[in-house]
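**Student:** Let me give you the structure first, and then I'll get to my questions.
The values are calculated or read from the model by the stated rules, or taken from the named source; none is laboratory data. Keep in mind it's a predicted model, so treat the numbers as computed, not measured. Here the Cβ positions follow ideal geometry from the backbone for every residue, glycine too, while neighbour counts run over all protein chains shown.
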Amino acid sequence: MAPRVASLLAVFLLAGCSENPSVLLDPAGPHAEAIGRLFWVFFAVAALVWFLVLGAMGFAMWRGSRRGAKPVMPREERSLTLLVGASTALTALIIAGLVLAAFMTDKRLIGLDGRHAIEATLTGHQWWWEIRYEDPTPSNIFTTANELHVPVGQTVKLTLNSSDVIHSVWIPNLAGKRDIVPGRSDSFYFRADKPGTWRGRCGEFCGLQHSFMELLVVAHTPDEFRAWQAAQRRPASQPAGVAAHGKTVFETGACALCHVIRGTAATGAGALAPDLTHLMSRRMLGAGAALNTPDNLRKWIADPHKAKPGVRMPPLPLGKMEMQALISYLETLK
(Lines give C-alpha, C1' and ligand atoms only; values in the text may rest on other atoms or scores of the structure.)
Protein backbone atom coordinates (compact mmCIF):
# COMPACT_ATOMS: atom_id res chain seq x y z
CA MET A 1 0.00 0.00 0.00
CA ALA A 2 2.77 2.44 0.97
CA PRO A 3 4.60 2.17 -2.40
CA ARG A 4 1.34 2.93 -4.24
CA VAL A 5 0.71 6.02 -2.12
CA ALA A 6 4.30 7.17 -2.64
CA SER A 7 3.98 6.66 -6.42
CA LEU A 8 0.73 8.65 -6.49
CA LEU A 9 2.33 11.52 -4.54
CA ALA A 10 5.35 11.44 -6.87
CA VAL A 11 3.06 11.85 -9.89
CA PHE A 12 1.54 15.00 -8.40
CA LEU A 13 4.94 16.41 -7.45
CA LEU A 14 6.50 15.68 -10.85
CA ALA A 15 3.51 17.29 -12.59
CA GLY A 16 4.87 20.62 -11.36
CA CYS A 17 8.31 20.07 -12.91
CA SER A 18 9.17 21.41 -16.35
CA GLU A 19 12.20 22.29 -18.43
CA ASN A 20 10.29 25.29 -19.74
CA PRO A 21 11.24 28.33 -17.60
CA SER A 22 8.37 30.37 -19.00
CA VAL A 23 5.88 30.54 -16.15
CA LEU A 24 3.62 33.31 -14.88
CA LEU A 25 5.06 33.09 -11.36
CA ASP A 26 8.56 34.10 -12.51
CA PRO A 27 7.93 37.62 -13.89
CA ALA A 28 10.73 39.35 -15.78
CA GLY A 29 8.90 42.59 -16.53
CA PRO A 30 6.27 44.97 -15.09
CA HIS A 31 3.36 43.65 -17.19
CA ALA A 32 3.87 40.07 -16.00
CA GLU A 33 4.48 41.29 -12.45
CA ALA A 34 1.09 43.05 -12.36
CA ILE A 35 -0.66 39.95 -13.70
CA GLY A 36 1.24 37.78 -11.19
CA ARG A 37 0.00 39.90 -8.28
CA LEU A 38 -3.57 39.51 -9.53
CA PHE A 39 -3.05 35.73 -9.73
CA TRP A 40 -1.99 35.59 -6.07
CA VAL A 41 -5.07 37.60 -5.06
CA PHE A 42 -7.34 35.14 -6.87
CA PHE A 43 -5.38 32.18 -5.47
CA ALA A 44 -5.64 33.42 -1.87
CA VAL A 45 -9.38 34.07 -2.16
CA ALA A 46 -10.00 30.70 -3.85
CA ALA A 47 -7.94 28.88 -1.21
CA LEU A 48 -9.84 30.62 1.61
CA VAL A 49 -13.21 29.74 0.07
CA TRP A 50 -12.07 26.14 -0.45
CA PHE A 51 -11.10 25.76 3.22
CA LEU A 52 -14.33 27.42 4.38
CA VAL A 53 -16.46 25.12 2.23
CA LEU A 54 -14.61 22.02 3.40
CA GLY A 55 -14.90 23.21 7.01
CA ALA A 56 -18.63 23.83 6.63
CA MET A 57 -19.11 20.39 5.07
CA GLY A 58 -17.12 18.73 7.81
CA PHE A 59 -19.08 20.55 10.52
CA ALA A 60 -22.40 19.66 8.88
CA MET A 61 -21.44 15.98 8.65
CA TRP A 62 -20.25 15.92 12.27
CA ARG A 63 -23.38 17.70 13.51
CA GLY A 64 -25.64 15.48 11.44
CA SER A 65 -24.05 12.32 12.82
CA ARG A 66 -24.64 13.54 16.37
CA ARG A 67 -28.13 14.87 15.75
CA GLY A 68 -29.53 11.84 13.98
CA ALA A 69 -32.88 12.01 12.13
CA LYS A 70 -34.53 14.65 14.33
CA PRO A 71 -36.73 17.18 12.47
CA VAL A 72 -35.44 20.73 11.95
CA MET A 73 -36.81 23.10 14.60
CA PRO A 74 -38.04 26.64 13.71
CA ARG A 75 -35.09 28.23 15.53
CA GLU A 76 -32.65 26.06 13.58
CA GLU A 77 -34.45 26.90 10.35
CA ARG A 78 -34.04 30.65 11.02
CA SER A 79 -30.34 30.11 11.76
CA LEU A 80 -29.90 28.23 8.50
CA THR A 81 -31.70 31.03 6.60
CA LEU A 82 -29.41 33.62 8.15
CA LEU A 83 -26.38 31.49 7.30
CA VAL A 84 -27.46 31.17 3.66
CA GLY A 85 -28.10 34.93 3.44
CA ALA A 86 -24.72 35.73 4.98
CA SER A 87 -22.99 33.31 2.58
CA THR A 88 -24.74 34.90 -0.40
CA ALA A 89 -23.73 38.39 0.70
CA LEU A 90 -20.15 37.26 1.30
CA THR A 91 -20.06 35.66 -2.18
CA ALA A 92 -21.27 38.91 -3.75
CA LEU A 93 -18.60 40.88 -1.85
CA ILE A 94 -15.87 38.45 -2.93
CA ILE A 95 -16.92 38.66 -6.60
CA ALA A 96 -17.07 42.45 -6.42
CA GLY A 97 -13.61 42.53 -4.82
CA LEU A 98 -12.15 40.27 -7.52
CA VAL A 99 -13.73 42.37 -10.28
CA LEU A 100 -12.25 45.50 -8.68
CA ALA A 101 -8.82 43.85 -8.43
CA ALA A 102 -8.99 42.84 -12.12
CA PHE A 103 -10.06 46.38 -13.08
CA MET A 104 -7.14 47.92 -11.15
CA THR A 105 -4.73 45.48 -12.83
CA ASP A 106 -6.07 46.40 -16.28
CA LYS A 107 -5.65 50.07 -15.40
CA ARG A 108 -2.07 49.40 -14.33
CA LEU A 109 -1.32 47.52 -17.57
CA ILE A 110 -2.78 50.31 -19.72
CA GLY A 111 -0.62 52.79 -17.81
CA LEU A 112 2.48 50.76 -18.70
CA ASP A 113 1.70 50.98 -22.43
CA GLY A 114 2.50 54.01 -24.51
CA ARG A 115 6.05 55.27 -25.02
CA HIS A 116 8.27 52.63 -26.57
CA ALA A 117 11.83 52.38 -27.84
CA ILE A 118 11.50 49.35 -30.12
CA GLU A 119 8.73 48.66 -32.61
CA ALA A 120 8.18 45.47 -34.55
CA THR A 121 5.37 43.80 -36.48
CA LEU A 122 4.56 40.25 -35.38
CA THR A 123 2.56 38.22 -37.89
CA GLY A 124 1.16 34.81 -37.05
CA HIS A 125 1.21 32.12 -39.74
CA GLN A 126 0.29 28.45 -39.57
CA TRP A 127 2.56 27.58 -37.75
CA TRP A 128 5.37 30.11 -37.33
CA TRP A 129 5.99 33.75 -36.42
CA GLU A 130 7.20 36.44 -38.82
CA ILE A 131 8.96 39.36 -37.07
CA ARG A 132 9.72 42.59 -38.90
CA TYR A 133 11.74 45.21 -37.03
CA GLU A 134 10.47 48.65 -38.01
CA ASP A 135 12.63 51.76 -38.43
CA PRO A 136 12.11 55.28 -39.83
CA THR A 137 14.98 54.55 -42.23
CA PRO A 138 13.74 51.93 -44.73
CA SER A 139 17.20 50.41 -45.19
CA ASN A 140 17.28 49.56 -41.48
CA ILE A 141 14.11 47.45 -41.62
CA PHE A 142 14.73 43.71 -41.52
CA THR A 143 12.71 40.53 -41.08
CA THR A 144 13.41 37.40 -39.08
CA ALA A 145 11.36 34.50 -37.76
CA ASN A 146 10.38 32.79 -34.50
CA GLU A 147 12.92 34.64 -32.32
CA LEU A 148 12.15 38.05 -30.87
CA HIS A 149 15.25 39.87 -29.62
CA VAL A 150 14.75 42.91 -27.36
CA PRO A 151 16.90 45.26 -25.24
CA VAL A 152 16.64 45.10 -21.45
CA GLY A 153 14.81 47.98 -19.79
CA GLN A 154 13.17 49.33 -22.96
CA THR A 155 9.48 49.02 -23.81
CA VAL A 156 8.70 47.07 -26.96
CA LYS A 157 5.61 47.64 -29.09
CA LEU A 158 4.43 44.78 -31.27
CA THR A 159 1.86 45.39 -33.99
CA LEU A 160 -0.03 42.10 -34.26
CA ASN A 161 -1.34 40.64 -37.53
CA SER A 162 -2.48 37.24 -38.75
CA SER A 163 -2.14 35.89 -42.28
CA ASP A 164 -4.65 33.07 -41.91
CA VAL A 165 -6.56 32.09 -38.74
CA ILE A 166 -6.93 33.43 -35.20
CA HIS A 167 -3.69 33.19 -33.23
CA SER A 168 -2.79 34.52 -29.78
CA VAL A 169 0.62 35.64 -28.54
CA TRP A 170 1.48 34.78 -24.94
CA ILE A 171 4.83 35.36 -23.24
CA PRO A 172 4.10 34.33 -19.61
CA ASN A 173 7.22 35.84 -18.04
CA LEU A 174 6.74 39.19 -19.76
CA ALA A 175 3.07 39.85 -20.53
CA GLY A 176 -0.41 38.39 -20.80
CA LYS A 177 -2.12 36.92 -23.85
CA ARG A 178 -3.38 38.97 -26.78
CA ASP A 179 -5.51 37.51 -29.57
CA ILE A 180 -4.51 38.09 -33.20
CA VAL A 181 -7.54 38.22 -35.48
CA PRO A 182 -7.22 38.07 -39.29
CA GLY A 183 -7.93 41.41 -40.96
CA ARG A 184 -7.43 43.36 -37.74
CA SER A 185 -4.24 44.90 -36.30
CA ASP A 186 -3.69 45.21 -32.57
CA SER A 187 -0.91 46.46 -30.30
CA PHE A 188 0.98 44.53 -27.65
CA TYR A 189 3.46 46.11 -25.22
CA PHE A 190 5.98 44.56 -22.86
CA ARG A 191 9.34 45.23 -21.22
CA ALA A 192 12.07 42.85 -20.07
CA ASP A 193 13.84 44.09 -16.94
CA LYS A 194 16.63 41.51 -16.93
CA PRO A 195 18.65 39.62 -19.55
CA GLY A 196 17.44 36.13 -20.34
CA THR A 197 15.60 33.84 -22.71
CA TRP A 198 11.92 33.04 -22.37
CA ARG A 199 9.50 30.94 -24.36
CA GLY A 200 6.36 32.47 -25.75
CA ARG A 201 3.71 30.52 -27.59
CA CYS A 202 0.49 30.73 -29.51
CA GLY A 203 -2.30 30.75 -26.92
CA GLU A 204 -5.20 30.05 -29.29
CA PHE A 205 -5.69 26.68 -31.00
CA CYS A 206 -4.86 27.34 -34.63
CA GLY A 207 -4.63 23.93 -36.25
CA LEU A 208 -2.68 20.69 -36.32
CA GLN A 209 0.72 22.07 -35.25
CA HIS A 210 -0.51 24.65 -32.74
CA SER A 211 1.73 23.09 -30.06
CA PHE A 212 4.79 23.72 -32.26
CA MET A 213 4.26 27.45 -32.71
CA GLU A 214 6.85 28.71 -30.29
CA LEU A 215 8.14 32.26 -29.99
CA LEU A 216 11.54 32.53 -28.34
CA VAL A 217 12.15 35.90 -26.64
CA VAL A 218 15.79 36.87 -25.98
CA ALA A 219 16.51 39.96 -23.85
CA HIS A 220 20.00 41.49 -24.33
CA THR A 221 21.84 44.35 -22.73
CA PRO A 222 21.43 47.48 -24.91
CA ASP A 223 24.94 47.12 -26.37
CA GLU A 224 24.40 43.44 -27.20
CA PHE A 225 21.05 44.24 -28.81
CA ARG A 226 22.56 46.94 -31.02
CA ALA A 227 25.26 44.49 -32.13
CA TRP A 228 22.60 41.87 -32.90
CA GLN A 229 20.57 44.44 -34.86
CA ALA A 230 23.61 45.45 -36.92
CA ALA A 231 24.36 41.80 -37.75
CA GLN A 232 20.75 41.11 -38.77
CA ARG A 233 20.66 44.12 -41.10
CA ARG A 234 23.59 42.85 -43.12
CA PRO A 235 22.85 40.76 -46.24
CA ALA A 236 23.98 37.16 -46.41
CA SER A 237 27.70 36.60 -46.81
CA GLN A 238 29.04 35.35 -50.13
CA PRO A 239 30.14 31.70 -49.85
CA ALA A 240 33.00 29.89 -51.54
CA GLY A 241 33.78 26.32 -52.56
CA VAL A 242 31.11 23.71 -51.84
CA ALA A 243 28.93 26.33 -50.13
CA ALA A 244 28.90 28.40 -53.35
CA HIS A 245 27.46 25.39 -55.18
CA GLY A 246 24.88 25.09 -52.40
CA LYS A 247 23.91 28.70 -53.00
CA THR A 248 23.22 27.84 -56.64
CA VAL A 249 21.14 24.84 -55.54
CA PHE A 250 19.10 27.12 -53.29
CA GLU A 251 18.57 29.90 -55.84
CA THR A 252 17.67 27.62 -58.77
CA GLY A 253 15.58 25.11 -56.83
CA ALA A 254 12.23 25.09 -55.07
CA CYS A 255 13.64 26.84 -51.95
CA ALA A 256 13.80 30.25 -53.64
CA LEU A 257 10.09 30.08 -54.56
CA CYS A 258 9.10 30.72 -50.94
CA HIS A 259 12.13 31.75 -48.88
CA VAL A 260 14.06 35.02 -48.95
CA ILE A 261 17.80 35.40 -48.46
CA ARG A 262 18.77 39.06 -48.69
CA GLY A 263 21.70 39.74 -51.00
CA THR A 264 20.87 36.78 -53.27
CA ALA A 265 18.49 35.95 -56.11
CA ALA A 266 16.20 34.19 -53.60
CA THR A 267 13.41 36.74 -53.18
CA GLY A 268 10.58 34.37 -52.31
CA ALA A 269 6.91 34.97 -53.05
CA GLY A 270 5.63 37.17 -50.25
CA ALA A 271 5.59 35.97 -46.67
CA LEU A 272 4.97 32.31 -47.47
CA ALA A 273 7.94 31.10 -45.45
CA PRO A 274 10.56 32.44 -43.00
CA ASP A 275 13.35 34.77 -44.13
CA LEU A 276 16.55 32.70 -44.00
CA THR A 277 19.16 35.46 -44.33
CA HIS A 278 20.60 34.66 -40.89
CA LEU A 279 19.12 31.21 -40.36
CA MET A 280 22.00 29.78 -38.30
CA SER A 281 21.77 32.58 -35.73
CA ARG A 282 18.48 31.04 -34.58
CA ARG A 283 18.24 28.32 -31.97
CA MET A 284 15.25 26.34 -33.26
CA LEU A 285 13.82 24.98 -36.51
CA GLY A 286 10.14 24.94 -37.34
CA ALA A 287 9.12 27.31 -34.52
CA GLY A 288 10.25 24.89 -31.83
CA ALA A 289 9.99 21.58 -33.70
CA ALA A 290 13.74 20.80 -33.42
CA LEU A 291 17.08 22.30 -32.41
CA ASN A 292 18.82 24.17 -35.21
CA THR A 293 21.73 21.85 -35.97
CA PRO A 294 23.14 20.82 -39.39
CA ASP A 295 21.86 17.26 -38.92
CA ASN A 296 18.36 18.39 -37.97
CA LEU A 297 18.41 20.90 -40.82
CA ARG A 298 19.22 18.10 -43.28
CA LYS A 299 16.34 15.99 -41.93
CA TRP A 300 14.00 18.98 -42.02
CA ILE A 301 14.75 19.74 -45.68
CA ALA A 302 14.44 16.12 -46.73
CA ASP A 303 11.12 15.56 -44.93
CA PRO A 304 9.74 18.38 -42.75
CA HIS A 305 6.48 16.49 -42.19
CA LYS A 306 8.31 13.89 -40.13
CA ALA A 307 9.22 16.54 -37.54
CA LYS A 308 6.09 18.68 -37.98
CA PRO A 309 3.21 16.85 -39.69
CA GLY A 310 1.00 19.16 -41.74
CA VAL A 311 3.60 21.90 -42.20
CA ARG A 312 3.22 23.69 -45.54
CA MET A 313 6.82 23.14 -46.62
CA PRO A 314 7.01 20.18 -49.04
CA PRO A 315 9.77 17.54 -48.86
CA LEU A 316 12.79 18.39 -51.02
CA PRO A 317 14.32 15.28 -52.61
CA LEU A 318 17.96 16.05 -53.36
CA GLY A 319 20.91 13.89 -54.21
CA LYS A 320 23.57 13.33 -51.55
CA MET A 321 26.04 15.79 -53.09
CA GLU A 322 23.42 18.50 -53.66
CA MET A 323 22.08 18.12 -50.12
CA GLN A 324 25.58 18.36 -48.64
CA ALA A 325 26.31 21.48 -50.70
CA LEU A 326 22.99 23.05 -49.66
CA ILE A 327 23.65 22.36 -45.96
CA SER A 328 27.17 23.81 -46.31
CA TYR A 329 25.67 26.97 -47.76
CA LEU A 330 22.94 27.29 -45.12
CA GLU A 331 25.59 26.92 -42.40
CA THR A 332 27.16 30.17 -43.65
CA LEU A 333 23.95 32.13 -42.94
CA LYS A 334 24.93 33.38 -39.49
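**Student:** Kindly indicate the residue of region 114-128 that is under 19 Å from the mean Cα position of the chain (by Cα) and small (Gly, Ala, Ser) and also nearest to Phe225 (Cα to Cα) among those meeting that condition.
**Tutor:** Ala120
**Student:** Go through region 245-281 residue by residue and tally those that are in contact (Cβ under 8 Å) with a residue 40 or more places away in the chain, among the small types (Gly, Ala, Ser) and not in a loop (DSSP other than H, G, I, E, B).
**Tutor:** 2
**Student:** Right, another one. Counting just the residues of region 144-163 that are free of Cβ contacts under 8 Å to residues at least 40 places away in the same chain and not polar (S, T, N, Q), which one comes out nearest to Leu24 (Cα to Cα)? Lay out the reasoning, then the answer.
**Tutor:** Start the filter on region 144-163 by keeping residues that are free of Cβ contacts under 8 Å to residues at least 40 places away in the same chain, which leaves 158, 160, 162.
Next, from what is left, pick out any that are not polar (S, T, N, Q): 158, 160.
Values: Leu158: 20, Leu160: 22 Å.
That would be Leu158.
**Student:** Tell me, which residue of region 311-332 that is closer than 19 Å to Asn292 by Cα and among the small types (Gly, Ala, Ser) is nearest to the chain's Cα centre (by Cα)?
**Tutor:** If we take residues in region 311-332 being closer than 19 Å to Asn292 by Cα and among the small types (Gly, Ala, Ser), then Ser328 is nearest to the chain's Cα centre (by Cα).
**Student:** Further question: Considering region 117-145 alone, what residues qualify as being in a loop (DSSP other than H, G, I, E, B), surrounded by fewer than 22 Cβ atoms within 10 Å (Cβ to Cβ) and of a type outside the set (Asp, Glu)?
**Tutor:** Once the filter is applied, which keeps residues that are in a loop (DSSP other than H, G, I, E, B), surrounded by fewer than 22 Cβ atoms within 10 Å (Cβ to Cβ) and of a type outside the set (Asp, Glu), region 117-145 yields Ala117, Gln126, Pro136, Thr137, Ile141.
**Student:** Which residue, of Asp295, Asp275, is surrounded by 14 or more Cβ atoms within 10 Å (Cβ to Cβ), among the acidic types (Asp, Glu) and not assigned by TED's automatic domain parsing to the domain that holds His149? Even if it seems obvious, please write down each step before you answer.
**Tutor:** Numbers: Asp295 fails: surrounded by 14 or more Cβ atoms within 10 Å (Cβ to Cβ).
The match here is Asp275.
**Student:** So how many residues does region 239-254 have that are charged (D, E, K, R) and surrounded by fewer than 15 Cβ atoms within 10 Å (Cβ to Cβ)?
**Tutor:** 0
**Student:** Next question, about the same structure. Go through region 83-116 and count every residue that is closer than 30 Å to Val156 by Cα, part of a helix (DSSP H, G or I) and in contact (Cβ under 8 Å) with a residue 40 or more places away in the chain.
**Tutor:** 7
**Student:** Hey, among the residues in region 282-318 that are charged (D, E, K, R) and in contact (Cβ under 8 Å) with a residue 24 or more places away in the chain, which one's nearest to Leu257 (Cα to Cα)? Even if it seems obvious, please write down each step before you answer.
**Tutor:** Here is the first cut: in region 282-318, the ones charged (D, E, K, R) are 282-283, 295, 298-299, 303, 306, 308, 312.
Imposing the further condition that a residue be in contact (Cβ under 8 Å) with a residue 24 or more places away in the chain reduces the set to 282-283, 298, 308, 312.
Numbers: Arg282: 22, Arg283: 24, Arg298: 19, Lys308: 21, Arg312: 13 Å.
If we take residues in region 282-318 being charged (D, E, K, R) and in contact (Cβ under 8 Å) with a residue 24 or more places away in the chain, then Arg312 is nearest to Leu257 (Cα to Cα).
**Student:** Here's something else I'd like to know. Just checking: which of the strands (runs of 3 or more DSSP E) contained wholly in region 172-244 hold 2 or more residues that are among the polar types (S, T, N, Q), in the same structural domain as Ala145 (by TED's automatic domain parsing) and closer than 19 Å to Thr159 by Cα?
**Tutor:** none
**Student:** Also, I was wondering about something else. So, Met321, is that one in a loop (DSSP other than H, G, I, E, B) and either within 30 Å of Leu208 (Cβ to Cβ) or without any contact (Cβ under 8 Å) to a residue 12 or more places away in the chain (or both) or not?
**Tutor:** Details: in a loop (DSSP other than H, G, I, E, B): no; either within 30 Å of Leu208 (Cβ to Cβ) or without any contact (Cβ under 8 Å) to a residue 12 or more places away in the chain (or both): yes.
So Met321 fails the test.
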